[in-house]
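Have a look at the structure below, then the notes.
The values are calculated or read from the model by the stated rules, or taken from the named source; none is laboratory data. Computed from a predicted model, the values in this text were never measured in an experiment. Cβ placement follows ideal geometry from the backbone for every residue including glycine, while neighbour counts extend to all protein chains displayed.
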Amino acid sequence: MENNYFVHETAVVDEGAVIGEGVKIWHFSHIMSNCQIGEYCNIGQNVVVSPGVILGKNVKVQNNVSIYTGVICDDDVFLGPSMVFTNVINPRSAINRRDQYAKTHVGKGVSIGANATIVCGHDIGKYAFIGAGAVVTKTIADFALVVGNPAKQIGWVGEYGHRLNFDESGFAICPESKQEYKLEFNTVIRVK
């Protein structure tokens, strides 16, 4: 541990990066200046965290993920292997569009599966679950389960990631946590 966090000898951490206690940064990763990484995050192998990125506490970033300027992840987010963020809607190599970076906000407890792509400017609501390989091209609601290209909602999940099955009165119970949820006007609310 150095500075209350671990950095593998092959990783690069630029001056000006703010890194919380208990963070682990693994092989060949690059943490750029002016980003913020919250406590107890795990940054996998071959990860890039660009300037201005904010990661909350306990974010798990799997191998081969690039987190570009404009991305903010709240606490307890899971970013699966080789998933992709973008930050420009219409990139061209010969045209500098750094002043046009779009923001993407990833809510608390979200899981994004392996090889998923998140097109910039589309927020992901808390506890949503993005299936492996999905291509997100619009804003995703809290607790939504989405899959496919383009990503389409196929259901709802609870905080523990289990699929919620709502009864005719709009109530569902998570099978693991026993938490109760209500579906009203296409919005999921945790009851208790």
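Brief remarks on what is shown
- Checking I124, I140, I118, I130 one by one, the residue that is within 17 Å of V71 (Cα to Cα), in contact with a Phe, Trp or Tyr (Cβ under 7 Å, 6 or more places away or on another chain) and buried (at least 17 other Cβ atoms within 10 Å of the Cβ) is I118 and no other.
- Flag for P81 being in contact with a strand residue (DSSP E or B) (Cβ under 6 Å, 6 or more places away or on another chain) and over 30 Å from V191 (Cα atoms): no
- Residue in the range 24-38 that is under 22 Å from G109 (Cβ atoms), surrounded by fewer than 19 Cβ atoms within 10 Å (Cβ to Cβ) and either basic (K, R) or at pLDDT 95 or above (or both) present: yes
- V88 vs. criteria in a loop (DSSP other than H, G, I, E, B) and either touching a Ser or Thr at 6+ places or on another chain (Cβ under 7 Å) or surrounded by 15 or more Cβ atoms within 10 Å (Cβ to Cβ) (or both): yes
- Residues located in the range 76-101, provided they are over 11 Å from the mean Cα position of the chain (by Cα), under 21 Å from V12 (Cβ atoms) and aromatic (F, W, Y): none
- The range 144-185, residues that are in contact with a Gly (Cβ under 7 Å, 6 or more places away or on another chain) and either surrounded by 14 or more Cβ atoms within 10 Å (Cβ to Cβ) or among the basic types (K, R) (or both): A144, L145, V146, V147, E159, R163, L164, C174, Q179, Y181, K182, L183
- Out of G16, G70, G52, G80, sole residue that is among the small types (G, A, S) and at negative phi: G80
- Taken over the range 49-75, the criterion of being more than 14 Å from the chain's Cα centre (by Cα) and either more than 20 Å from N115 (Cα to Cα) or not in a loop (DSSP other than H, G, I, E, B) (or both) is satisfied by P51, G52.
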